[in-house]
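Input: a single structure, listed below in structure tokens.
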Amino acid sequence: MKQLDIGLTLVADSPIDKLSTRVGAKWENLRAARERAVEKRRVLQADLSEFENADSSIIVYGSLGRDEFTLGSDLDWTLLVDGIADPAHLEVALAIKDKLEELGHKAPGREGVFGSLAFSHELIHQIGGQDDTNANTTRRILLLLESTVIGKRDAHKRVLSSVLHRYLKEDRGLWHGSTQFRVPRFLLNDIARYWRTMAVDFAAKQRARGNEGFAMRNIKLRMSRKLIFISGLLACFSCHLDVDESEKQKIFPAIAVQPLVEHLYRRLKLTPLESLADTLLRFEGLDTWSAQLFKAYDDFLGILADESILRNGKTQRVHLERLSVDELDADPIFQRTREISHRFRDAVNEIFLRSSTELSRLTIEYGVF
């Protein structure tokens, strides 16, 4: 079921549902997580309505933004400001934080990337270079790939569109390149940089935390973090795959940036799983691997969502969050998550690298070198 603009309603034309029908599968954990996310956003909109403002948007990320929400999920949020600087913005952000804590929502991660203010100036103007910190890159890329708005959308749309405008307008190769594909490399390279940053930061966090939480962070890197990267690739590839030839003849010779901004804005409304399913629907010959990929992801969400209690008094999610590194090799639940991640990895490799389709050609041309 595809998400409407307001992010609070499910309708009956989701690419995920179409793909599941075609391959004869039922991904019940995906559906349950999606319904839970929609309901959670509906509750949040009611709870946070007093903080709505014309020059800001309350943004949620992570599993809630991706429609993969489970009861143990963090609530990653930001007050995105696109207006004149005002000391009251911090007061609003602190009030939102207090309200969410009062309502019992799980706080964002300890790095401090979420749970406070973000400003449009940094997101739009500091792309690359020494001022583009890890936190700024994370906020910008996730704004594009997994963000959803609670309440007023105006600031979110303005900032996202302006970020896209920068990526596209300054990409000379996109407009003047001689290749047969029209893929925005500036945008794609920043998404690839973020994916590699996540992988490097995984090792940094492992060292800084003394391996605390390794198991859960490891499986998320293998699954949900990799999915985010895939959805970013597909957004970039969509400029070639989704824009028909007649439109390309109008857009590219004229260096018409705005129509391509609008195309990507529409594309990025899809969640990562919707974006992936929408692309795979084009390639019926890949259905076996598509079914394996989505089944693996469904199994992954099933482990996170399972509320049954193990003999140690924990859910599977809590068990993984607290599992020590020394216990990994002998732990059946962690080994199960590894097996799931291997099925996911194998399907991704077959689809994007070995399928001899236009999708694999794009991946090798732009996603590897």
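Just a few scattered comments:
- Single unsatisfied condition, Ala155 versus (1) modelled with pLDDT under 95; (2) more than 16 Å from the chain's Cα centre (by Cα); (3) surrounded by 17 or more Cβ atoms within 10 Å (Cβ to Cβ); (4) among the small types (Gly, Ala, Ser): (1)
- Some residue of the range 199-209 being in a helix (DSSP H, G or I) and surrounded by 21 or more Cβ atoms within 10 Å (Cβ to Cβ): no
- Residues in the range 199-222 that are among the polar types (S, T, N, Q) and at pLDDT 90 or above: Asn218 only.
- Residues of the range 174-189 that turn out to be over 23 Å from the mean Cα position of the chain (by Cα) and in a helix (DSSP H, G or I), as a count: 3
- The lone criterion from (1) of a type in the set (D, E, K, R); (2) outside any loop (DSSP other than H, G, I, E, B); (3) within 24 Å of Pro272 (Cα to Cα) left unmet by Glu122 is number (3).
- Just one residue in the set Leu142, Leu164, Leu160, Leu168 is within 19 Å of Asp67 (Cα to Cα) and either in contact (Cβ under 8 Å) with a residue 60 or more places away in the chain or assigned to a loop (DSSP other than H, G, I, E, B) (or both); that residue is Leu142.
The values are calculated or read from the model by the stated rules, or taken from the named source; none is laboratory data. In this text, all values refer to a predicted model and were calculated from it rather than measured experimentally. Cβ atoms come from the backbone with ideal geometry, glycine included; neighbour counts cover every protein chain shown.
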